[in-house]
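Below: one structure, written as structure tokens.
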Amino acid sequence: HVALAILGVTQGLSAALGPVIGGIITQNVGWRWVFFVNVPICILGIILCCIMLQVKNEERIISKIDWIGLILSSLAIFSFTLVLVKGNTWGWQSNIALSCYAISTISLILFVLVERKIHNPMVNLKLFKDRMFVGASIVVILSNLFLIGVTVLLPTFLTKIQHRTEIEAAFLVTPISAMIFFVSPVAATLIKKFGKVTIILSGFLIMGLSYYWLQMIDVNSTNTEIIIPCMILGVGYGLVVGPITVLSASSFEGELLTASQSVVSMLRQVGIVLAVAIFVSNLTHNLSVNKENVYRYAEEKVRNIHVDSAQQTEILQVTKEKIEKKSIETNVEKKQNETFVGLSKEKKDELIHQKVDEVLSGVPVEYRNIKREEVTNRVTKEVEKQEENIKKEILVFSNDVNHYTQNQMAMSFTDLYKASVPIILVCALVSLLFWEEKALSKRRRERVVEEV
């Protein structure tokens, strides 16, 4: 049980701590060290296995690899994940998307049929006859799904929207890992005191509270406003995942015990893969929708700039190019000002000459040469003043669109958390699978006897 508890805690920490450590390593020593750093960890794991596990004189079972089950399960998961990632691009009802649905469904059905008949199945379906294991399996998938929804997207939000460094983003999400580390070992003790349903239900509700908080963050959110929901998420996840490894194996011995842990580990990875696919896919969709909102907003605001329609179109085109690059920089007004025809010396001189001729056309011919210098000076000042006013209008336009874009891009992230809150609350009902009616009836009988 100690080994299983450590396994559960470390697997939970891996999902939360991995992106943090990975970000620090990548920024400071390069991405290749993400692989090198695992070498000493693996050596430590081997040493702990030799110390904690009784591997000597252990009964060995000769079994073959279930290649058919492996291929079918991989095909089912791959097809389903692929359509989640590419659905926005392909169209959810396109032929290729429908093909992925069909392949995933058929592969899953065939996988179940094969696993029921084969002698050495990849997944022993007898495990799913135990209600406690079924509950643990669902909880593992859901808890990791909602954990990764934060540990993957929040650092991106912090670096791309709030323009923080990778190290800053890493440290801001570190409280998730810290709380998982401290809460997970305590969760097993709390279950003994308050019961499985209460603790697991509380864990999901606390995770829901974290998502509710995260939906309110914006471009200007402080460190405290980021750290607190991360801590809350870590507490909720720790309450759920801490005892789940033990609960999933509580009804099994021998071969089924080993199989239960293998399946739970696989389902944990399934939860992580689904989380990345679902959240990244929906983030891409939100970004696309909100970009269109920014385009419409810019088209509306560019009308406030007092230039002709051709120049408005040119300014709008520069703005759209910046939005496409997902960054409207603080110096964008400079680049947009350069699109204004008045800043070109040749066109400026041409405009002044044109206006001078218009003014002089109302002056008698014999006085035109005398008045030309005076009119030219006056017109030049008017054009320069008009030019400055247009610069100010473009600057206001740029800042306005920049601010609106940042808010829309931030909403692309926070809307995901907002939509997830009711889903987490519904998922919390899975805790009812751990309801133990017999134990409850026994407690009721004891209470009745005491009252009598």
| message | Would you confirm whether or not the range 409-417 contains a residue that is at pLDDT 90 or above and among the acidic types (Asp, Glu)? | response | yes
| request: State whether the residues of the range 155-176 include one that is under 28 Å from Val2 (Cβ atoms) and not in a helix (DSSP H, G or I). | output: no
| field | Among the residues listed as Val152, Val183, Val241, Val197, the single one being touching a Phe, Trp or Tyr at 6+ places or on another chain (Cβ under 6 Å) and closer than 27 Å to Leu7 by Cβ | value | Val197
| query | Taking the stated definitions as given, is Ala178 surrounded by fewer than 21 Cβ atoms within 10 Å (Cβ to Cβ), of a type in the set (Gly, Ala, Ser) and closer than 30 Å to Glu225 by Cα? | reply | yes
| query | Looking only at the range 59-96, which residues are over 29 Å from Arg116 (Cα atoms) and surrounded by 13 or more Cβ atoms within 10 Å (Cβ to Cβ)? | reply | Val85, Lys86, Gly87, Asn88, Thr89, Trp90, Ser94, Ile96
| message | For the structure I just gave you, tell me whether Gly203 is at pLDDT 85 or above, within 18 Å of Leu142 (Cα to Cα) and touching a Pro at 6+ places or on another chain (Cβ under 7 Å). | response | no
| query | How about the range 33-117: which helices (runs of 4 or more DSSP H) wholly inside it have at least 1 residues that are under 30 Å from Ile21 (Cα atoms) and among the aliphatic types (A, V, I, L, M)? | reply | 33-36, 38-52, 67-90
| Residues of the range 284-318 that turn out to be surrounded by 13 or more Cβ atoms within 10 Å (Cβ to Cβ) and not in a helix (DSSP H, G or I), as a count | 2
| task | Could you tell me whether any residue of the range 96-109 is at pLDDT below 90 and among the small types (Gly, Ala, Ser)? | result | no
| query | Out of (1) out of contact with any His (no Cβ under 8 Å at 6 or more places or on another chain); (2) more than 30 Å from Ser412 (Cβ to Cβ); (3) assigned to a helix (DSSP H, G or I), what's the single condition that is false for Gly236? | reply | (2)
| Has the range 321-328 got any residue that is polar (S, T, N, Q) and either at pLDDT 70 or above or not in a loop (DSSP other than H, G, I, E, B) (or both)? | no
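The values are calculated or read from the model by the stated rules, or taken from the named source; none is laboratory data. Since this is a predicted model, take the numbers as computed values, not measurements. We place every Cβ from the backbone using ideal geometry, glycine too, and count neighbours over all the protein chains shown.
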